């Protein structure tokens, strides 16, 4: 009898566990945003949101063996590097997102001097994913690496002249609710050295952990709010629109 009772309890437990929801719950990290009418407090349907990166300027170290210009780049970029003595030189390009070597630029003996390499060789729109790339230089004397950022649009507002474009757009927000997660904005917390196409270093920037959220909806004024977006952290925010 006890054995039968135990089996019944076990089967019921298994059935209940199968019916439990998995993933995507409200307890996952992210900013849970509610868009409401400032007067009635009711959720607003049909709004859309534009999410922008925010940057802070920081000091930079002027000591380097390699730079790329322009940086960030949206077409071709030139890597400039310096070899102190005649040496065997290996230069690799590593895509950081997948942590794989995608190109070997140099694998030969070179004399002392400054060298320029134009990269990528192929059409970057087809050849590259957006994101950070590491240029790794390996010689007998030293090993060095440098980061380059490839972007197809002006999402940081520093890549090339023109208005900053949103990093993410959310359309037709249903029931006035949407969630913004750190993986939606993969460059938060990163640093980037802004270099002009002439090779002149402008400055260093840190991409903030906060983002600018712009909400638009017909019949309401455009509303902007800065929200903190940190990995592993959950928060609830209400944005009130004014007519």
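Computed from the coordinates by the stated procedures, all read-outs in this text should not be read as laboratory data. Small disclaimer: the values here were computed from a predicted structure and weren't measured. Every residue, glycine as well, gets a Cβ built from its backbone with ideal geometry; the counts of neighbours run over all protein chains shown.
Observations, loosely collected:
- Note that segment 72-223 carries a Kirkwood radius of 18.1 Å, evaluated over its alpha carbons pair by pair.
- Stretching the chain fully between residue 242 and residue 191 yields a gain of 14.8 nm (0.36 nm per residue, less the alpha carbon separation).
- Segment residue 76-residue 107, length gained on full extension (0.36 nm per residue, minus Cα span): 9.1 nm
- Modelled FRET efficiency - R0 22 Å, residue 98 with residue 181, Cβ distances, 0.05 increments: 0.60
- Approximating the spin labels as points 7 Å out from Cα along Cα→Cβ, the residue 38-to-residue 116 distance works out to 5.3 nm.
- Using the Cβ-Cβ distance between residue 169 and residue 145 with R0 set to 41 Å, the FRET efficiency from 1/(1 + (r/R0)^6) comes to roughly 0.75.
- Sorted fewest first by neighbouring Cβ atoms within 10 angstrom, 144, 27, 103 come out as 27, 144, 103.
- Per-residue Cβ neighbour rank within 10 angstrom, fewest leading, 165, 104: 104, 165
- The Rg/Rh ratio for segment 75-150 is 0.97, where Rg is the radius of gyration of the alpha carbons and Rh is the Kirkwood radius.
- For segment 30-130, the mean projected area of the C-alpha convex hull, equal to one quarter of the hull surface, is 11.3 nm².
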